[in-house]
There are 2 protein chains.
Amino acid sequence: MKLLRETLAAIAPQSQEYRDKAAAHIDDLTMPRRALGRLLELAEDLAGMTRSLQLPVARKNIVLFAGDHGVVAQGVTLQPQEVTRQMIYNFIAGGAGINALAANARAAVTVVDIGVAGDLSDLAAAGKIVNAKIAPGTADFCCGPAMTRDQAVQALETGMAIAAELAPETDVFGTGEMGIGNTTPSSAIIAVLTGMTDSTDLSALVDRGAGLPSSQLPVKIAAIRRGIELNHPDPADGIDVLAKVGGFEIGGIAGLILGAAAQRRPVVVDGFISTAGALIAKALCPAAVDYMICAHGSMERGHRFMLEYLGKKPLLDLNMRLGEGTGAALAMNLLDAAAAVMTRMATFGSAGVTDRGL
Amino acid sequence: MKLLRETLAAIAPQSQEYRDKAAAHIDDLTMPRRALGRLLELAEDLAGMTRSLQLPVARKNIVLFAGDHGVVAQGVTLQPQEVTRQMIYNFIAGGAGINALAANARAAVTVVDIGVAGDLSDLAAAGKIVNAKIAPGTADFCCGPAMTRDQAVQALETGMAIAAELAPETDVFGTGEMGIGNTTPSSAIIAVLTGMTDSTDLSALVDRGAGLPSSQLPVKIAAIRRGIELNHPDPADGIDVLAKVGGFEIGGIAGLILGAAAQRRPVVVDGFISTAGALIAKALCPAAVDYMICAHGSMERGHRFMLEYLGKKPLLDLNMRLGEGTGAALAMNLLDAAAAVMTRMATFGSAGVTDRGL
């Protein structure tokens, strides 16, 4: 609990002073007033987060937490659980979507086994993944809590420790995940936090994840209802929500976000599952929202409720639903672009351009 | 007319064969079916354009056409015409928005004086800009056609010649422009091509460009109405529309797009003014639309009518309205991302990942 307590205590809101300085600089750049729109809002955010007008964003690391889920026993997924483990080998071999898009973003990828059911000891021994396995998958939340409260704290602290360790060599964090079944706990988390827990609400919220046939959606909805009714997660207690209906990788993501915020580092939040982690982070420390950049709007229909809960508008909207951190990787170029605007553009005075409402 | 005729004759639609090959490859990549959404549609488009599954997109050139507009005499802009010339010095010094964002995209910027009112002979003599000046600005279309038909053809052929010259060293083109007053001819072009020419239509279409006060919008709308009523541009004749209510830089952009299409090169179309050029290109050769990638949705409200006319959905939507090619530069990273997905990702078989609806 010590790391968790210290991390939460270290989180301060964005610097209004640096936001204002950035806004003043932007107003003097050679373009019509605010003509780069949301790119300039992003620049102000980055200035407020980093307390710098240079917007340090060059060194990027996408931390991909992998975990399995006991609730797959309820038939909430199309894919077998084994795919979680198979995909980790794919990440390490460099053949997954996140590898392609992280390379394009010049971002490192750190793979963390925080609770995969399968054996990954060879990769851990070779130093290719971070071994932080809490248990071989969560328990089925239809039969009891997904994890103990201690395990939830451990998941959070795992993410926090990784953020602290990587911070000296990282300007921007990204979140990613892998875990067959993890749209189910993610849906449960947004349902609990917004009180959207009856059948009608859940029908509006729960979607097909990685391709569950529509005919099986009622099974997924029923499992989520059962998990909530059985375990009574307390929406006022983020750790309780994570423990009862969450997942290890979701806790790791929440911890990474909180750790990034404590280090005053921007964190680019990927899609549906990553945003579930962001909700847990907000529940534990609302000021952490100041450091979150929501990368893209997921095709998973519950994502918009999550974004509303955070009060965020995503940067991209490209009908993606892959996870792994792919949306975060794609959005990272916009951070580079915002930094280029702030550091490379001339001012009206220096360029000799007439400023008349320009 | 010879280059124009030959260029139009060389334009063929995208290759369905390569689109199909790309789609088949995508279905075999280690991710849930089509889980990267519009990035995969972009990959198919690029395969269809380039007749390659490697998606060559590395070498990028944003061609920025600059021209002035006689219609500024009607009071349709806030900025003095001199700003066009001032901004060209800013482009060459590297201090404009396009410089920052092109550098971020690793794209070259080619500045073309196709009709600036001011003297740029020093930059032309130094080889820093392409001197293709047709006239020192168009005529005021409220008093007669903006240019002669011969000049319109010259503008188009200027763009075509540049596309042909740059093609051997360019994988992807981008469009950009600078010209105080150029939202006015751009609005006139979409009005003519869609028949939205009465006052009500124009009120829905015409917007504030680079910050015209709302109180002066009626002046801009009246100028556009007068230009259309006086000159009777023929919506069935793209050259006539360009000549009567267009601009030199808009013609250059249309020519560049047609030239890129003839060379089977993708062309990333920037915002409102660039898309007006794309409309002229479509009017001259509908198959050219197959090579256009619309970068972003502009804040200028008429842009959505242009996108509808082209049948395109932009990649980005970031409330931008700067022009210069900035949106095109920003979108170019998504082309790199699409190429990375196609060339770097593993297939289910090669990665040993179970394919069950994944």
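List of remarks:
- With the gyration tensor restricted to C-alpha atoms of segment A:60-334, the semi-axes of the equivalent ellipsoid amount to 25, 20, 18 Å, longest first.
- Beta bridges assigned by DSSP with both partners in the protein assembly as shown are antiparallel in approximately 5 percent of cases.
- Chain B: most fluctuating residue of B:276, B:125, B:340 per GNM, C-alpha cutoff 10 Å: B:125
- Here each label is just a point 7 Å from Cα along the line to Cβ, and for residue A:216 and residue A:198 those points are 2.9 nm apart.
- Modelled spin labels at residue A:354 and residue B:343, positioned 7 Å past Cα toward Cβ, are 4.6 nm from each other.
- Residues in segment A:263-294 reached by a label modelled at residue A:234 [backbone nitrogen below 19 Å; 7 Å Cα→Cβ]: A:280-286
- Gaussian network model of chain A, Cα within-10 Å springs - most flexible of A:296, A:232, A:69: A:232
- A cut-off under 13 angstrom between Cβ atoms defines the neighbours of residue A:107, and their net charge, with Lys, Arg +1 and Asp, Glu -1, is -2.
- GNM flexibility winner over chain B from B:221, B:62, B:26 (Cα, springs under 10 Å): B:26
- With a Förster radius of 30 Å applied to the C-beta separation of residue B:126 and residue B:148, the computed FRET efficiency comes to 0.50.
- Under 12 Å of direct C-alpha separation, and excluding same-chain neighbours fewer than eight residues apart, residue B:133 reaches these aspartates and glutamates: B:68, B:113, B:119, B:249.
- Annotation: segment A:104-170 has a Kirkwood hydrodynamic radius of 13.6 angstrom, from the mean reciprocal C-alpha pair distance.
- Using a probe radius of 1.4 angstrom, the carbon and sulfur fraction of the accessible surface of the protein assembly as shown is 50%.
- Each other copy holds its own label point for residue B:301; taking that point as 7 Å from Cα along Cα to Cβ, the gaps run 3.2 nm, nearest first.
- Long pairs among B:2/B:313; B:244/B:312; B:60/B:313; A:2/A:282, criterion Cα-Cα beyond 30 Å: B:2/B:313
- Rolling a 1.4 Å probe over the heavy atoms of the protein chains gives segment B:243-338 an accessible area of 20 Å² per residue.
- Rolling a 1.4 Å probe across all protein chains gives residue B:355 an accessible area of roughly 70 Å².
- By the helix-only formula, in which each DSSP H run with n ≥ 4 contributes -39500 (n - 2.57) and the sum is divided by residues, chain A has a 222 nm mean residue ellipticity of -15000 deg cm²/dmol.
- Summarising the label geometry, the points placed 7 Å from Cα in the beta-carbon direction at residue B:54 and residue B:308 lie 4.2 nm from one another.
- Segment B:217-280: relative contact order in percent, alpha carbon pairs under 8 Å with at least 6 residues between: 29 percent
- Taking N as its residue count, the alpha carbon Rg of segment A:1-134 over 2.2 N^0.38 Å: 1.47
- Take the accessible area of chain A alone and of chain B alone, subtract that of the pair, and you get about 4500 Å² summed over both chains, using a 1.4 Å probe.
- For the protein assembly as shown, the fraction of C-alpha pairs farther apart than 37 angstrom is 41 percent.
- Of all chain A residues, the one whose Cβ lies closest to the rotation axis that maps A onto B, given with that distance rounded to whole Å, is A:333, 2.
The values are calculated or read from the model by the stated rules, or taken from the named source; none is laboratory data. All of these numbers come straight from a predicted model, not from anything done at the bench. Neighbour counts run over all protein chains shown; Cβ positions are idealised from the backbone, glycine included. Just the protein is used for accessible areas: all its heavy atoms, side chains included, with ligands, DNA and RNA removed. Shrake-Rupley method; radii C 1.70, N 1.55, O 1.52, S 1.80 Å.
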